[in-house]
Structures are given as structure tokens and as C-alpha cells.
Amino acid sequence: MEPNVIIYTNTLCPVCAMVRNFLDDHDIPYSEVNVDLHPIEMLKLIGKTRRLTVPQTSVNGTFISGFDPVGILKLIHPT
């Protein structure tokens, strides 16, 4: 089963670019939500994560804050 990966980003976030590049480099498909363009999604994200920062990466509904490649891979390929 292919994982459902969503990254929440903003326009000027260099760490968001690191997450995108990591996912692209590992051929992991994802959807991106730019919270600058979708402020309602930011409010929903805050409600789910209790965090005000991006990037937030959702892997099958579990959130990872910041750039955590090991955490992302563990959620995508659980042992």
C-alpha cells in the first residue's frame, strides 16, 4: 500500500524545501499544502498538531515536525 504523505509548507521556508527534496530524492509521492495560499488549512493544521510551524509532514495521519528523514522513513516503511 502506498503511503499517504502530505507536507504543509509556506512560501519562504528553506526547511520545507529540504523535506520536498528528500521526498523527491527517494521517489516518495506526496501532496503539498502551502499554508500561505490556504490559511484555513493552517488553522486545521494547528488544531491537529498544536504547532504553529512548518514544515509539518503527515504520513498516513501521523505528523512529523521539521526535517526528520529517519522519522519519515520509519512511518513509510514500518518494521
With Cα coordinates, the longest principal axis of the chain makes an angle with the long axis of helix 14-25, in degrees rounded to 10, of 30 degrees
Out of 42, 9, 23 - ranked by how far each Cα lies towards the positive end of the dipole of the range 1-51, with unit charges on the beta-carbon of charged residues - the top one is 42
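Before anything else, pin down the relative contact order of the range 1-51: Cα pairs under 8 Å, at least 6 apart, normalised by residue count, whole percent.
Details: 35 pairs, mean separation 20.5, N = 51.
Worked out over the range 1-51, it gives 40 percent.
With +1 on each Lys and Arg Cβ and -1 on each Asp and Glu Cβ, how big is the dipole of the chain about its Cα centre, in debye rounded to the nearest 20?
Values: 6 positive and 8 negative charges, 86 e Å.
My answer is approximately 420 debye.
Here, each number is a calculation from the coordinates, and none is a lab measurement. All figures in this text were calculated on a predicted structure; none of them were measured in a lab. FYI the Cβ positions are ideal-geometry reconstructions off the backbone, even for glycines, and counts take in every protein chain you see.
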